[in-house]
Amino acid sequence: MAIKTLTLPVGKQTLTLEIGRYAEQANACVTARLGDTVVLVTAVMGRANPNLGYFPLSVEYQEKLYAGGRIKGSRWVKREGRPTDDAILTARLIDRSIRPLFPEGLMREIQIVATVLSADGVNDADMPAMYAASAALAWSDIPWGGPIAAVRLGLTAKGDFIVNPTFAEKADSQLDLVLSGTQSAAVMLEAGANEVSESQMLQAFELAQTENTRLATAITDFAKELGVTKQTFTSPVIDATLTAAVTAAVKDQLPAMITKLGHLEPTGKDELVTSLSEQHPDFPPADITAVIDTLLKQAIRRQTLTKGVRPDGRQLTEIRPLSSAVAVLPRTHGSAMFQRGSTQALTITTLGSPAFNQLIENMEGEEAKRYIHHYIMPPYSTGETGRMGWPSRREVGHGALAERALIPMIPDEADFPYTIRVVSELLSSNGSTSMASVCGSTLSLMDAGVPLKKPVAGIAMGLLIEAKQHCILTDIQGLEDHTGDMDFKVAGTKDGITAMQMDLKVKGIPLAILTEALEQARVGRQFILDHLFQTLSAPRAQLSPYAPKIITLTIPVDRIGEIIGPGGRVIRGIIETTGAQIDIEEDGRVFITSTDVEALTKAKTTIETIIKEVMPGEEYDGIVSRIESFGAFVDLAPGKSGLVHVSQLSPQFIRHPEEIVKLGDTLHVRVTEIDSMGRINLTTLTPEHEAEVKARRESNRPAGASGHFRSRRPMSPPRHR
């Protein structure tokens with residue numbers, strides 16, 4: 001294929017999409033460039049596997065450190081390892097945007113691989129990857145109902161939207177919204193926000209969809225210029241005779257099966273499939289199961305749409321029974337259990353010093369995270385067996401969503417200088433687990449004494465849409481997620497939205513439905529917030545006795561070296577002596593961490609002593625660190641010592657300091673002088689004793705003598721070599 005290029009304006013930047021230059025054996029390969037950020041995306045369709053029972057789509061997003069001119073910091077491993085969480089989240093963004101538009105029943109392996117080739121540190125590579133993935137599928141022969149486009153929107157403090165903000169603009173933004181869609185409807189959205197109102201969010205949706213329509217239209221028009229021809233695909237159809245026979249056999253049993261499904265009870269479907277297989281040996285059991293599942297799905301949707309009654313008997317806006325508790329574990333820093341219906345989340349909060357911040361290495365450099373949220377959903381949570389080990393992409397995504405929901409309400413480091421790790425253990429799962437983890441985490445954080453700015457709650461909304469009829473469901477359970485058309489999660493405080501995520505199974509929904517869903521979610525979120533308030537109305541005033549305590553000091557930057565000492569000797573000594581953890585930032589902030597209050601106080605006093613200017617007349621309790629014939633050296637603080645002359649050790653005459661002191665003794669001393677060279681002279685004598693010693697010296701001095709005594713012995717003549 002000849003090299004072809006499409007250039008489009010996106011926000012303040014220019015997007016360039018190119019096809020035909022690389023990876024000629026892929027079905028399509030497109031490179032996207034935004035600024036100096038370049039992403040290469042390939043789309044490949046493999047063999048068919050009709051026995052899988054699911055659509056085998058995989059999306060990989062690869063961050064290459066060379067893209068940012070970096071070499072991996074590990075001393076031993078220089079190759080890129082497993083994908084970072086950010087890479088997984090970007091892959092999920094692409095996957096969730098393109099998946100609904102593949103034809104139903106397609107069982108051929110599709111793989112999308114996005115590789116970041118150049119990262120300019122200004123433009124995030126995820127949006128170019130999204131554009132290139134859409135273009136690669138649209139300009140290939142792979143059957144697909146796209147294209148889609150996507151846009152990221154930021155929001156300034158003045159209320160102005162920014163299309164595709166840079167990293168610097170994102171850092172100061174009140175909103176980070178990614179919305180993907182076709183030329184006519186939204187398909188996927190992901191957002192983090194700092195209490196953005198529903199009305200502002202709707203304005204963002206409208207602006208983003210307008211941009212998506214323009215970009216998707218351009219990609220479609222370019223496909224026509226390329227003369228793209230798609231491979232034909234016809235969705236498989238089950239034999240009509242089999243469908244009729246199974247329908248007749250289960251028709252009267254559907255209402256009871258729906259009720260049992262809604263309450264997680266055995267429906268007898270397996271026994272029914274076995275019976276029908278025996279009656280009709282020519283019917284494949286997999287086809288019988290597929291027909292029963294289709295009939296159940298249709299019946300559930302029809303009952304909900306026409307009667308407004310859900311499988312578990314709830315009304316459309318009704319939330320399942322709620323229960324929650326705090327301090328459920330004896331030795332953790334904070335813990336809470338939140339349960340909604342049969343979804344149960346146990347969340348644990350752990351507090352640590354700033355040294356436990358998570359360091360993240362990526363193409364743009366390194367960054368530190370002080371709030372970390374992990375989500376774990378083991379197989380037993382759904383009554384199943386399965387793999388245990390590294391978190392799945394779904395677990396990474398749900399943890400990131402919960403983290404995003406709570407970050408705006410985490411206190412600033414200046415007010416609460418802890419590293420905070422929250423772990424949500426999903427013990428039972430039946431829909432809306434990520435939002436249950438948000439609710440449980442709010443309680444767990446407050447139980448730990450973290451001064452959250454405001455409590456956060458979350459809820460998942462569902463949708464059934466057929467022709468011109470639709471209904472929105474509040475607090476969907478697993479069955480409704482499976483049979484419905486939308487999973488729309490909204491989290492926030494009483495005053496605004498902090499996080500959102502929407503996935504669709506249809507080819508897009510109009511913004512009017514999103515408007516309705518947002519309002520219904522706001523009402524449901526407030527109901528849950530009221531429940532959380534009844535369980536724990538405010539963060540605890542005191543931290544757990546098992547949690548570390550932190551004291552923060554600010555010292556002059558030019559004095560940091562004194563605390564660290566040569567080769568780190570001083571700070572290591574303070575840590576070994578006190579048992580406290582000490583972390584020093586480049587801006588002069590010092591964090592002292594310990595579970596022992598006495599250790600905190602001792603370390604704080606030591607550091608203050610080090611940076612304090614020694615003044616004549618001040619008194620110290622110091623340690624004798626060295627003894628010479630002329631006096632004893634006393635450590636006033638780590639890295640700071642002075643000399644007590646032998647004449648200042650006792651009001652009586654002594655020949656050697658060891659007559660009075662030995663190494664390691666503690667001496668109470670007073671500063672008498674700091675000479676021009678910065679040397680500190682000390683005394684152990686009281687002012688009265690000093691006067692006595694001075695008078696005795698004066699009385700013993702020869703008449704007419706002044707100053708220091710000098711030897712009357714003649715000097716030896718110089719020796720020549």
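Nothing in this text is a laboratory measurement; each read-out follows from the coordinates by a stated rule. This one's a predicted model, so the numbers in the text were calculated from it and none came from an experiment. A quick note on method: Cβ atoms are made from the backbone with ideal geometry, for glycine too, and the neighbour counts reach across all protein chains shown.
Structure notes:
- Per-residue HN-Hα couplings for the range 659-674 [Karplus 6.51, -1.76, 1.60; θ = phi - 60°; Hz; x = Gly/Pro]: 5, 10, 10, 9, 4, x, 5, 9, 10, 8, 10, 10, 7, 9, 6, 10
- Footprinting exposure proxy ranking of 76, 139, 144, 390, fewest other C-beta atoms within 10 angstrom first, gives 76, 390, 144, 139.
- Under-5 Å amide H pairs with residue 636, H placed in peptide plane, nonlocal only: 641, 642
- The charge dipole of the range 548-612, taken about its Cα centre with unit charges on the Cβ atoms of Lys, Arg (+1), Asp and Glu (-1) only, comes to about 180 debye.
- Candidate lysines for bridging to residue 640, where Cα separation is under 18 Å - those fewer than 8 sequence places away on the same chain excluded: 602, 604, 612
- Cα lying deepest toward the dipole's positive end in the chain, options 430, 597, 281, charges on Cβ: 597
- Shape box of the range 615-699 [Cα atoms, principal axes, largest first, Å]: 40, 27, 21
- Only Lys, Arg (+1) and Asp, Glu (-1) charged, at Cβ; the range 4-226 dipole about Cα centre in debye: 740 debye
- Crossing angle, helix 433-447 versus the chain [Cα axis fit, 0-90 degrees, rounded to tens]: 30 degrees
- Here the scattering of the range 295-418 is modelled by Debye summation over its C-alpha atoms, one equal scatterer each and no solvent; at q = 0.16, 0.17 Å⁻¹ the log10 of I(q)/I(0) is -1.07, -1.15.
- Each peptide in 44-56, 86-98, 355-367 receives the mean, over its residues, of other Cβ atoms within 10 Å, and ordering these scores from highest gives 86-98, 355-367, 44-56.
- Overall dimensions of the range 4-226 as given by Cα atoms, namely Rg and Dmax in Å: 17.5, 55
- Protection proxy ranking, peptides 207-217, 679-689, average beta carbon neighbours within 10 Å, highest first: 207-217, 679-689
- According to the Cα-based calculation, Rg over Rh for the range 334-488 is 1.02, with Rh computed by the Kirkwood formula.
- Whole-Å distance, taken between Cα centres, linking the range 407-422 and the range 620-665: 47 Å
- Exceeding the 24 Å Cα-Cα cut-off - candidates 4/507; 269/507; 269/297: 4/507; 269/507
- Karplus-based coupling profile of the range 493-510, in residue order and whole Hz: 9, 5, 9, x, 8, 10, 7, 8, 7, 10, 10, 10, 10, 9, 8, x, 10, x, with θ = phi - 60° in 6.51 cos²θ - 1.76 cosθ + 1.60 and x standing for Gly or Pro.
- For the range 27-104 versus the range 229-275, the inter-centroid distance based on Cα atoms is 36 Å.
- Applying a threshold of 32 Å to the alpha-carbon distances of 78/170; 64/170; 78/549 flags 78/549 as lying beyond it.
- 5 angstrom amide H check on residue 595, placed H, neighbours 5+ away: 549
- Sorted ascending by nearby beta carbons within 10 Å, beginning with the fewest, 613, 109 become 613, 109.
- Per residue convex hull volume, Cα atoms of the range 440-587, in Å³: 206 Å³
- A convex hull fitted around the alpha carbon atoms of the range 1-108 yields 167 Å³ per residue.
- Least to most buried among 653, 527, 488 (fewest other Cβ within 10 Å first): 653, 527, 488
- Under-5 Å amide H pairs with residue 375, H placed in peptide plane, nonlocal only: 399, 424
- Farthest towards the positive end of the charge dipole of the chain, among the residues 531, 377, 317, is the Cα of 377, using unit charges on the Cβ of Lys, Arg, Asp and Glu.
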